[in-house]
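S.K.: Structure in C-alpha cells, see below.
The values are calculated or read from the model by the stated rules, or taken from the named source; none is laboratory data. If you're wondering where the values come from, they're calculated on a predicted model, not measured in any experiment. Cβ coordinates were reconstructed from backbone atoms using ideal geometry, including for glycine residues, and neighbour counts include every protein chain displayed. Ligands, DNA and RNA are stripped out before the accessible areas are found, and what is left, the full protein with its side chains, is counted by its heavy atoms. Shrake-Rupley method; radii C 1.70, N 1.55, O 1.52, S 1.80 Å.
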Amino acid sequence: ESFRSFYTFYLMDRFGVSVSASQMMLFVIFISSAVGVLIGGMLGGIWMTRLGINRALWIFGFVQMLAILGFAWLATVGHSLAWLAVVIGVEALGVGLGTAAFVAYIAHTTNPLYTATQFALFTSLAAVPRTFANAGTGYLVDYLGWHQFFILCFFLAIPGMLLLTKVAPWANGLSQDK
C-alpha cells in the first residue's frame, strides 16, 4: 500500500497528472512488468533445456545487458508511458530469463544433501551487492543524469559476464541432464 501511495504522489508531482491518471500509469507499468517476468520465466525454462544452463546464463545475461540500454534510450526520448511500458516489459523479460537460468545454476551446483541450506545461502548472497549498490544510486543519478547512469550500469555488467568464463564456460554447455 505504501509503495503504491508513494509512486502515486511521485507521478502526480513529476508529471502533473491527476490521482486517477497516476494510478493508471502504475497499473500499466505493473502489468508490463508482470507479463514480462512471467513470459521470461517460462521461455527461460524452455530455452534452457535446449541451450544448457551455462549457455543460457551467457545469452540471458546479454539480454539483460541490452535491456539496460533501453532505459538509457528512454532517458533521451522523454516522457512516454507507452515506451516506458515497453522498456519495462523487455527488462522484466530479461529478468525472467536470467532468473530461470540462475536458479537452475544454483540448484545444479548445490550438494543434494544440503540443497535447501545452500540454495538459501546462495540466493541471499546474490542479494548483497544490489543491497549496497542501491544506497548510492541516487547520488550517481544526480551526478551523471539518467542516460549516463544507465550507460554506466551497462558497462558495470561486463565484469559479471566475464566471470562466466570461470563459473559457467560456454564450451561446457552444462545440460540440465548432467
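S.K.: Collect the residues in the stretch 20-33 that are under 15 Å from the mean Cα position of the chain (by Cα) and open to solvent by less than 30 Å² (accessible area, probe 1.4 Å), keeping them in residue-number order. First the steps, then the outcome.
M.R.: Our first condition is that a residue be under 15 Å from the mean Cα position of the chain (by Cα); within the stretch 20-33, this holds for 29-30, 32-33.
Listed by number, the list holds a single entry, S32.
S.K.: Moving on. So if I check each of Y143, Y114, which one is more than 16 Å from L57 (Cα to Cα), surrounded by fewer than 14 Cβ atoms within 10 Å (Cβ to Cβ), modelled with pLDDT of 90 or more and not polar (S, T, N, Q)?
M.R.: Matching residue, one of Y143, Y114: Y143.
S.K.: State whether the residues of the stretch 62-78 include one that is modelled with pLDDT under 95, farther than 26 Å from F155 by Cα, assigned to a helix (DSSP H, G or I) and small (G, A, S).
M.R.: No, the stretch 62-78 contains no residue that is modelled with pLDDT under 95, farther than 26 Å from F155 by Cα, assigned to a helix (DSSP H, G or I) and small (G, A, S).
S.K.: Across the stretch 52-67, what is the number of residues that are within 11 Å of the chain's Cα centre (by Cα), of a type in the set (V, I, T) and buried (at least 22 other Cβ atoms within 10 Å of the Cβ)?
M.R.: Residues meeting the conditions: 0.
S.K.: Now a separate question. Looking at the stretch 45-57, can you tell me whether even one residue there is free of Cβ contacts under 8 Å to residues at least 24 places away in the same chain, aromatic (F, W, Y) and out of contact with any strand residue (DSSP E or B) (no Cβ under 7 Å at 6 or more places or on another chain)? Walk me through it before giving the result.
M.R.: Keep residues of the stretch 45-57 that are free of Cβ contacts under 8 Å to residues at least 24 places away in the same chain, which gives 46, 50.
Still in the list and also aromatic (F, W, Y): none.
Looking for residues that are free of Cβ contacts under 8 Å to residues at least 24 places away in the same chain, aromatic (F, W, Y) and out of contact with any strand residue (DSSP E or B) (no Cβ under 7 Å at 6 or more places or on another chain), one finds none in the stretch 45-57, hence no.
S.K.: Can you tell me which residues in the stretch 71-99 are open to solvent by less than 20 Å² (accessible area, probe 1.4 Å) and within 12 Å of the chain's Cα centre (by Cα)?
M.R.: Once the filter is applied, which keeps residues that are open to solvent by less than 20 Å² (accessible area, probe 1.4 Å) and within 12 Å of the chain's Cα centre (by Cα), the stretch 71-99 yields V87, G89, A92, G94, G96, L97, G98.
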